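Taking it in order: structure first as structure tokens, then the write-up.
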Amino acid sequence: MDFTPGPADSESVKALVKTAAGPGLELTEVPAPRPGDRDVLIKVLRTGICGTDLHIASWDDWAAGTVRPPLVLGHEFVGEVVAVGPAVTRAEPGDLVSGEGHLVCGSCRNCMAGRRHLCVRTLGLGVHTDGAFAEMVVLPESNVWVHRQPVDLDVAAIFDPFGNAVHTALAFPVLGEDVLITGAGPIGLMAAAVARHAGARHVVITDVSDYRLELARKIGVSLALDVRAVPIGRAQRELDMKEGFDIGLEMSGRPEALRDMIANMTHGGRIAVLGLPTEDIPIDMARVVTHMLTIKGIYGREMYETWYAMSVMLQSGLDISPVITNRFGFEQHAEAFAAARSGRCGKVVIDWTRPTLPADQPTS
Ligand SMILES: [Zn+2]
Ligand SMILES: [Zn+2]
């Protein structure tokens, strides 16, 4: 394959940057990233805004302890390969790619054993290294997923969180099972669609946002439950369930959600937890023991089994596009972040090929 060197040293690109420690983001010019031997240079087309980006933008304690400005944010994206390093073999200019946002070391015990998602030295694109909220991004070849089938660009932009949803929803077999999902944010909603697609009997999702519960109904759950008004136990009776949920997917990080979930599982029930709590969660451990529950933490995506599962489920009819509710051009980043922060949205996508879009387009 021909080596294409990418942009000249003097070239610059627009990027959304955390320029200094403190709240706020700036759309500014940065030097164009240059690919190393095993890297791929990608022209970014669309990006998704993640909770992580909101934390970094608002500069909370986690962000202040993790991020070293200046930093280009963003890890959820789709783009087109424009140049590759001389040692790259699988990707070539013109390929449409999404990025795996976890950069692994390749040399720890888990990496060496092929369990790269369990790398003990994982770094985050757009958290520890310059990310994808820019006109160009560089990633190691081992971190790009080449789309070999036609895919909607907005959907391709959110393969990273879609992967979180798939990794969590398929952590345990769901065929014929009753599944409880606590938290109807974008990942909870996608997990609901995945559990349905994978053959679950009942999928019950809980939240406290009317907007998101309504979105869940559109996606097609058995019940979307406002837990401020209706306890999960009543939902079980409504669905004529007798012995509790078989599978739990905790997507909220909320202590009361995990406790509620544990209280509503059947004996031998299995819980996958993706929601990141910000505090210690006291739980009824006696119940975990006597009910022989399994609780499994989920982080990121399996490289690249989860990605394979995502691609083939889309091919076989899974539709996650209703989860994407708002779209903006890159100059409208402040509006986009405000929409994402409002909670009255599903996934928010920024188009890096257009400065502005006519109006944000919430699906209704
Ligand atoms: Zn994310
Ligand atoms: Zn490693």
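Taking R0 as 35 Å, what FRET efficiency do you get between VAL312 and ASP210 from their Cβ-Cβ distance, rounded to the nearest 0.05? Calculated transfer efficiency: 0.55. How much mean residue ellipticity at 222 nm does the chain get from its helices, if each DSSP H run of length 4 or more adds -39500 (n - 2.57) and you divide by all residues, to the nearest 500 deg cm²/dmol? Dividing the helical sum by the residues of the chain leaves -7500 deg cm²/dmol.
Projecting label points 7 angstrom from Cα along Cα→Cβ for ARG115 and ARG344 puts them 4.6 nm apart. Each Lys and Arg contributes +1 and each Asp and Glu -1, all at the Cβ; summed about the Cα centre of the stretch 166-297, the dipole is approximately 240 debye. Tell me, how many Å apart are the Cα centres for the stretch 196-212 and for the stretch 83-104? First find each Cα centre; the distance between them is then 35 Å. Of all the options THR278, THR19, THR168, the one that moves most in a Gaussian network model of the chain with Cα springs shorter than 10 angstrom is THR278. Taking the stretch 62-146, how much of its Cα-Cα pair set, in percent, is spaced more than 16 angstrom apart? Counting pairs separated by more than 16 Å, the tail of P(r) holds 57 percent.
Using only the Cα atoms of the stretch 166-297, build the gyration tensor, take square roots of its eigenvalues as a ≥ b ≥ c, and label the shape rounded, prolate or oblate: rounded if a/c is under 1.5, else prolate if a/b is larger than b/c, else oblate. Rounded is the answer for the stretch 166-297, as its axis ratio a/c remains below 1.5. Rounded to the nearest 20 debye, the dipole magnitude of the chain is 740 debye, with +1 charges on Lys and Arg beta carbons, -1 on Asp and Glu beta carbons, and the Cα centre as origin.
Taking other C-beta atoms within 10 Å as the exposure proxy, CYS119, CYS50 rank CYS119, CYS50 from fewest upward.
Across ASP39, ASP240, ASP152, mean-square fluctuation computed from a Gaussian network of the chain (C-alpha pairs under 10 Å connected) peaks at ASP240. For the stretch 290-364 versus the stretch 132-167, the spacing of their alpha-carbon centroids is 11 Å.
Only lysine pairs 8 or more places apart, or on different chains, with alpha-carbon atoms under 29 angstrom apart are counted in the chain, and they number 10. Taking amide H as placed 1.01 Å from N in the peptide plane, GLY126 has its amide H under 5 Å from the amide H of GLY131, each at least 5 places away in sequence or on another chain. As a rough footprinting exposure proxy, the listed residues ASP178, ASP284 were ranked by other beta carbons within 10 Å of their own, and the order from fewest upward is ASP284, ASP178. For VAL84, nonlocal amide neighbours, meaning residues 5 or more places apart or on other chains whose placed amide H falls under 5 Å from its own, are THR4, LEU41. Think of the stretch 110-217 as a dipole: +1 on every Lys or Arg Cβ, -1 on every Asp or Glu Cβ, centred on the Cα centre; then among HIS202, ALA184, LEU139, HIS202 lies furthest on the positive end. Extension gain for ASP226-GLN149 works out to 23.9 nm (0.36 nm per residue, less the C-alpha to C-alpha distance). Shape class for the chain, computed from the alpha carbon gyration tensor (a ≥ b ≥ c): prolate, with a/c not under 1.5 and a/b above b/c. Its Cα gyration tensor gives the stretch 1-159 an equivalent ellipsoid; the semi-axes, largest first and in whole Å, are 24, 20, 15. With both labels modelled 7 Å from their Cα along Cα-to-Cβ, the THR294 to ASP280 distance reads 2.8 nm. When the chain is treated as a Gaussian network with alpha carbon springs shorter than 10 Å, the biggest mean-square fluctuation among LYS14, LYS347, LYS242 belongs to LYS242. The modelled label-to-label distance between ASP61 and CYS108, using points 7 Å beyond Cα along the C-beta direction, is 2.4 nm. A cut-off under 11 angstrom between Cβ atoms defines the neighbours of GLY300, and their net charge, with Lys, Arg +1 and Asp, Glu -1, is -1.
Bear in mind these aren't lab numbers, they're just calculated from the coordinates by the rules spelled out. Nothing here was measured: the structure is a model prediction, and the numbers come from that model. All Cβ positions, even for glycine, are placed from backbone atoms using ideal geometry, and neighbour counts span all protein chains on display.
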